[in-house]
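Reading through the structure tokens given below for one structure.
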Amino acid sequence: MRQYILRRCWHMLITLFALMTIMFFLFRLLPGDPAMTVISSAMYPKAQEAMRAQFGLDKPLLQQYLIYLQNLITFDFGYSFHSSRSVSELLGGRIVNTLVLILPSMILAYLLGAVLGALMGWYRGGRFETAMVLVFTVLQAAPVFWLGMLAILLFSINLGWFPPGHLVTPGMFVNRDLWMYLSADFLHHLALPFIVHTSYQIAFPLLLMRSSMLSTAGEDFVEFARIKGLPERRILFRHAARNSMLPVATTIPMILGWALAGSVVIETVFSWPGLGLLMIEGVQRSDFPVVQAAFYLIAVLTILGTFVADILYGILDPRIVYD
Amino acid sequence: MTDPAPLSPLVEIAGLSVRFRTKRGPGDVLDAASLVIPAGTSVGLVGESGCGKSTLMKAVMGVLADNAEITAGQILHNGTDLLRADAETLRRKRWAEISMITQSALNSLNPVHTVGDQIVEAIRAHRPVSVAEAREMAAQMLALVGVEPRRARDYPHQFSGGMRQRAIIAMALVLQPGLVLADEPTTSLDMIVQDQIFRKIRSLQAELGFSMLLVTHDLAVVIENCSRMAVMYAGRIVEEGLVADVVNAPFHPYTLGLKNSLPRIDRTSEPIAIPGAPPDPVDMPQGCRFAPRCPFALPVCRSQPPVLETVGEGHRSACHRNAEIPGLRPRAARFATWHDTATTDITEDIQ
């Protein structure tokens, strides 16, 4: 097991390195010179050159690449073109906002989805179950921005139960500290994007778990568990659902990456100041360091998620060989 | 092997009929099958794949597939009709009173739980013991079947085929049930391991005194392990009796054919296969279900189903020509009888 984790760590480092390299060249392949967004062509050529030297753009490409790697590893993303604050500072608060929305909602979606999917697969064929399959298929097919807009229309504008967006009521909190994240006001604002995101994300694990259950229910060991005279609930959870979870667990890294990237959409709809919204703002303002850093962080979080899911899978399925 | 005179039946299956709903129509997989398992004995049930042997077992266990329907009959176990008992009573009886050694141990064991845990859960589903006590019981039983108790912490895929089968046997016997159903318990194993497993089962049976219903397509296994046997063909019991009687003096042509298909160690004759294939369950023959493959079939065989008739002491056979069979046995042992029926059957009948 320890060897397996070490190997997975090693794989993770290679993936990170590949990611950083691709990103370095990707941003240099973009049309236009990013430096021109800060260095005005109206400046004296001498001043322009001085600024280029300040950004390190006068150095050979290989040296630029090495400096870039060093900076990324130390989480030094430079300064925002727009606000002149350090990018790390800008990202710091934003990443928490994204994680506080996406992670609990993903965990809930997978837990609830797995349990509901297991029950639906086990007690298949009823009218209620058919209706549920339809509802969740629609939820999965619906674009998340559309679901968000519908939810705002219904729960915020018509019913007035939840605020339509933002982290907290503007002006209520001076410092964005732990207390803010624990306040009722924050939770009240969190509720609607959380519900929308969870309902959207729950469909996939639920439908997958259901179909996985349908095939596991026909396995010999499930029939054998019944022959052993185990209580029905134990057969359902310890045998059928436990084994059906394996294919569902493999999708966690993929879906987590998808959800983090998808935070762009849900955060825009709910004006939720997270990484996704920051990325949108960065793109609109041609704020390259911010976009690059947000891009990088989302990718790093996805790689970390994959790593955790790999370990989880190793624990779930004893047949995985660790060497 | 002798049959001690009045044995109280532990399980009595009477007139059991099971019908499967299929896309092509209903299939009569079991038709009025009756079988008695006396306490403390081993009964063999022999037949080809798909003849209904496994369906009979599943009916006793109460785990028939959703599309199966029991249309008639009863299964009496210690006087209780299992087909009319409620679900919770059945659940309690399973494993504690009737356990099962399955055909494929690899598929019966859940790959994500350790072998020990799977034995422990079977114990704790029926006995109010702690996990530690259950582990102790499992360890003792594993040792008894010849698996090192420390291997209980291993997962099924870490076991060899023989060890997995032993683990299943340990699991089946750990609650000391009165009846063990064994569904081709060694088909997936090589001959040497197969022999070891059956030796182990026989010695455990002598020690613990359980009854066994051994379902197999291998006549040799029955000869070695059972005192009574029944032969099943296409969902019907066609012959039953003491193993010695059925094997030495078979009455039903299907049993004669089965005996021919046994390879002989002395090589006095080559094995003869029964030509043709068993009938389609959704389209069973009208009369005797074996008639289309039977070299001795008469017109009456194709129109009237034969009933089990007594042909010897505790020996019954369902054939219209029971009385003539002793005279037909030499012919049944010839290859030509089975494989050139079109030319030989009629001429020899005239002679």
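Of note:
- Only one entry in A:S211, A:S183 is among the hydroxyl-bearing types (S, T, Y), farther than 28 Å from A:V135 by Cβ and more than 14 Å from every other protein chain (Cβ to nearest Cβ), namely A:S183.
- Filtered residues of region B:36-56 (kept if open to solvent by 10 Å² or more (accessible area, probe 1.4 Å) and in contact with a Lys or Arg (Cβ under 7 Å, 6 or more places away or on another chain)): B:T41
- Among the residues of region B:149-174, those that are free of Cβ contacts under 8 Å to residues at least 12 places away in the same chain and either under 20 Å from B:I201 (Cβ atoms) or of a type in the set (S, T, Y) (or both) comprise B:P149, B:S160.
- Yes/no for B:S108 being at pLDDT below 90, within 14 Å of another protein chain (Cβ to nearest Cβ), surrounded by 15 or more Cβ atoms within 10 Å (Cβ to Cβ) and closer than 19 Å to A:K228 by Cβ: no
- Subset of region B:131-145 (residues that are within 18 Å of A:P231 (Cβ to Cβ) and open to solvent by 50 Å² or more (accessible area, probe 1.4 Å)): B:V131
- Test result for B:S34, within 18 Å of the chain's Cα centre (by Cα), assigned to a strand (DSSP E or B) and within 23 Å of B:A234 (Cα to Cα): yes
Yes/no per residue for (1) within 30 Å of the chain's Cα centre (by Cα); (2) at pLDDT below 80; (3) surrounded by fewer than 14 Cβ atoms within 10 Å (Cβ to Cβ):
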| position | (1), (2), (3) |
| --- | --- |
| A:A53 | no, no, yes |
| A:G56 | no, yes, yes |
| A:F75 | yes, no, no |
| A:S80 | yes, no, no |
| A:R85 | yes, no, yes |
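- Search result, residues across region B:77-100 that are more than 11 Å from chain A (Cβ to nearest Cβ), assigned to a strand (DSSP E or B) and modelled with pLDDT of 90 or more: B:H77, B:D81
- Residue within region A:286-303 that is within 14 Å of chain B (Cβ to nearest Cβ), assigned to a helix (DSSP H, G or I) and not β-branched (V, I, T) present: no
- If the condition is being more than 7 Å from every other protein chain (Cβ to nearest Cβ) and either over 37 Å from the mean Cα position of the chain (by Cα) or open to solvent by less than 70 Å² (accessible area, probe 1.4 Å) (or both), then region A:215-238 contributes A:T216, A:A217, A:G218, A:V222, A:A225, A:I235, A:L236.
- A residue that is within 12 Å of chain B (Cβ to nearest Cβ), modelled with pLDDT of 85 or more and open to solvent by less than 20 Å² (accessible area, probe 1.4 Å) can be found somewhere in region A:249-262.
- B:Q103 fulfils the conditions (1) polar (S, T, N, Q); (2) free of Cβ contacts under 8 Å to residues at least 60 places away in the same chain; (3) within 11 Å of chain A (Cβ to nearest Cβ) except for a single criterion, (2).
- From the options A:L13, A:L29, residue that is surrounded by fewer than 16 Cβ atoms within 10 Å (Cβ to Cβ), modelled with pLDDT under 80 and more than 29 Å from A:M180 (Cβ to Cβ): A:L29
- Residue match in region B:59-79 (condition: without any contact (Cβ under 8 Å) to a residue 12 or more places away in the chain, farther than 23 Å from A:D220 by Cα and more than 13 Å from the chain's Cα centre (by Cα)): yes
The values are calculated or read from the model by the stated rules, or taken from the named source; none is laboratory data. This structure is a prediction, so every number in the text was calculated from the model and none was measured. Virtual Cβ from ideal backbone geometry, glycine too; neighbours counted across all protein chains shown. When the accessible area is computed, the model is the full protein with side chains, heavy atoms only, and any ligands, DNA or RNA have been set aside. Shrake-Rupley method; radii C 1.70, N 1.55, O 1.52, S 1.80 Å.
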